[in-house]
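*Asks:* Questions regarding the structure given below will be posed in turn.
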Amino acid sequence: MKILVINGPNINLLGLREPAIYGKKSYAALVEYIQKSAAALELEVECFQSNHEGAIVDKIQAAYGVFDGIVINPAAYTHTSIAILDALKGIGLPAVEVHLSDINTRESFRRISYAGLACEISYVGLGFEGYKKALQYLKKRLS
Ligand code: CA2
């Protein structure tokens, strides 16, 4: 089973600022965590990060026929991007939304998740562990 993990804008800055919200660990540490979690579940995983909405849409479209499922943290595009929502709906792969922080208990503008409308389940506020839970969900869902 092949899973694509997408992280959106500024997630590459993890660990550099706002440790109280996003933790102290870097994006490289997140990728390592995801790879280890996937290996333990016997899943193949590719991690993709982009600061560009169109690049994320392109990557979602290219996932069709290549990957079996998607884990996505669209970061700030969560709250703005109907293009990412449409791309996820368009390819129809099982998708899971992850957020490091709890978007429901922060500023009101973070409570809307467009991408979440195309996802089967969301894990929020669990830090890195949310990605592991998303992989576990997809493993079960696809088995
Ligand atoms: O909690 C999450 O995972 C978010 O998707 C993170 C986004 C935010 O816009 C969403 O509302 C919730 C922000 C990611 C930016 O991460 C930074 C990390 C370090 C320094 C600055 C930003």
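*Asks:* Please give me the summed charge of the neighbours of residue 124: other residues whose Cβ is under 12 Å from its Cβ, Lys and Arg +1, Asp and Glu -1.
*Replies:* Numbers: positive: 106, 110, 111, 133; negative: 97, 102, 129.
With Lys, Arg at +1 and Asp, Glu at -1, the neighbours total +1.
*Asks:* In addition: Quantify, in whole percent, the carbon and sulfur part of the accessible surface of the chain (1.4 Å probe; protein heavy atoms only). If you can, show how the numbers build up before the last one.
*Replies:* On the way: 3690 of 7190 Å².
Percent of accessible area from carbon and sulfur atoms in the chain: 51.
*Asks:* Where the centroid of each part is defined by its Cα atoms, how far is region 23-48 from region 97-131 in Å?
*Replies:* Using only Cα atoms, the two centres lie 18 Å from each other.
*Asks:* Shape of region 31-109 from its Cα gyration tensor (a ≥ b ≥ c, root eigenvalues): rounded if a/c is under 1.5, otherwise prolate when a/b > b/c, or oblate? Write down the numbers at each step before the final one.
*Replies:* Numbers: a/c = 1.95, a/b = 1.19, b/c = 1.64.
It is oblate, given that a/c is not under 1.5 and a/b is not larger than b/c.
*Asks:* Ordering 52, 79, 99 by accessible area with a probe of 1.4 Å, largest first, what comes out?
*Replies:* Details: 52 120, 79 30, 99 10 Å².
Accessible-area ranking of 52, 79, 99, largest first: 52, 79, 99.
*Asks:* A further question on this structure: Suppose all protein chains stay in the model; what accessible area per residue would a 1.4 Å probe give for region 32-123, in Å²? Please list the in-between numbers first.
*Replies:* Numbers: 4390 Å² over 92 residues.
It amounts to 48 Å² per residue over region 32-123.
*Asks:* Quote the charge dipole size of the chain about the Cα centre in Debye, to the nearest 20; the model charges only the Cβ of Lys and Arg (+1) and of Asp and Glu (-1).
*Replies:* Roughly 320 debye for the chain.
The values are calculated or read from the model by the stated rules, or taken from the named source; none is laboratory data. Just so we're clear, the structure is a prediction, and the values are computed from it rather than from any experiment. No Cβ is skipped: glycine too gets one built from the backbone with ideal geometry, and neighbour counts run over all protein chains shown. Side chains included, ligands, DNA and RNA excluded: accessible areas come from the protein's heavy atoms. Shrake-Rupley method; radii C 1.70, N 1.55, O 1.52, S 1.80 Å.
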